[in-house]
Amino acid sequence: MTRERRLEYWKRNLKIVLGLLSIWFVVSFGFGILLHDWLDNFRIFGFKLGFWFAQQGSIYVFVILIFVYVGIMNKLDIEHDVHED
């Protein structure tokens with residue numbers, strides 16, 4: 001693998017990680033703290049939505065983002081021919 005190709009792979013990896021972490025930040029900090037009062041006007045499973053995001057939602061989103069990251073990185077690995085057989 002050439003140096004340019006490694007650099008492109010690394011840049012795309014960082015872009016993916018930063019994008020997914022941004023989503024998690026918005027969900028955990030934004031929904032759980034900043035928009036907490038507004039979200040409390042809605043309910044999910046009998047709990048106020050702001051409370052749910054602060055206690056459960058951000059964890060669920062984080063786990064989902066892990067699986068999304070794995071899927072995206074598997075495709076990127078195949079594209080750059082660095083995948084495992």
F45 meets each of (1) more than 30 Å from L76 (Cβ to Cβ); (2) surrounded by 13 or more Cβ atoms within 10 Å (Cβ to Cβ) with one exception, condition (2)
Residue check: is L35 open to solvent by 50 Å² or more (accessible area, probe 1.4 Å) and more than 15 Å from the chain's Cα centre (by Cα)? yes
Filter result (under 15 Å from the mean Cα position of the chain (by Cα) and either modelled with pLDDT under 90 or of a type in the set (V, I, T) (or both)) within the stretch 1-28: I16, V17, I23, V26, V27, S28
Within the stretch 51-85, of all residues that are outside any helix (DSSP H, G or I) and free of Cβ contacts under 8 Å to residues at least 60 places away in the same chain, the one nearest to T2 (Cα to Cα) is H83
Just checking, how many residues over the stretch 1-50 are among the hydroxyl-bearing types (S, T, Y) and not in a helix (DSSP H, G or I)? 1
Any residue in the stretch 51-68 that is in contact with an Asp or Glu (Cβ under 9 Å, 6 or more places away or on another chain) and surrounded by 16 or more Cβ atoms within 10 Å (Cβ to Cβ)? yes
Pair list, Cβ < 9 Å and 6+ apart or interchain, from the stretch 8-30 residues that are closer than 17 Å to Q55 by Cβ and of a type in the set (S, T, N, Q) to residues that are at pLDDT below 95 and in a helix (DSSP H, G or I): S28/F53; S28/A54; S28/G57; S28/S58; S28/I59; S28/V61; S28/F62
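The values are calculated or read from the model by the stated rules, or taken from the named source; none is laboratory data. Being a predicted model, the structure only gives us computed values, none of them experimental. Methodologically, a virtual Cβ is constructed for each residue, glycine included, from the backbone with ideal geometry; neighbour enumeration extends over all protein chains shown. Areas reflect the complete protein model, heavy atoms only, side chains present, ligands, DNA and RNA absent. Shrake-Rupley method; radii C 1.70, N 1.55, O 1.52, S 1.80 Å.
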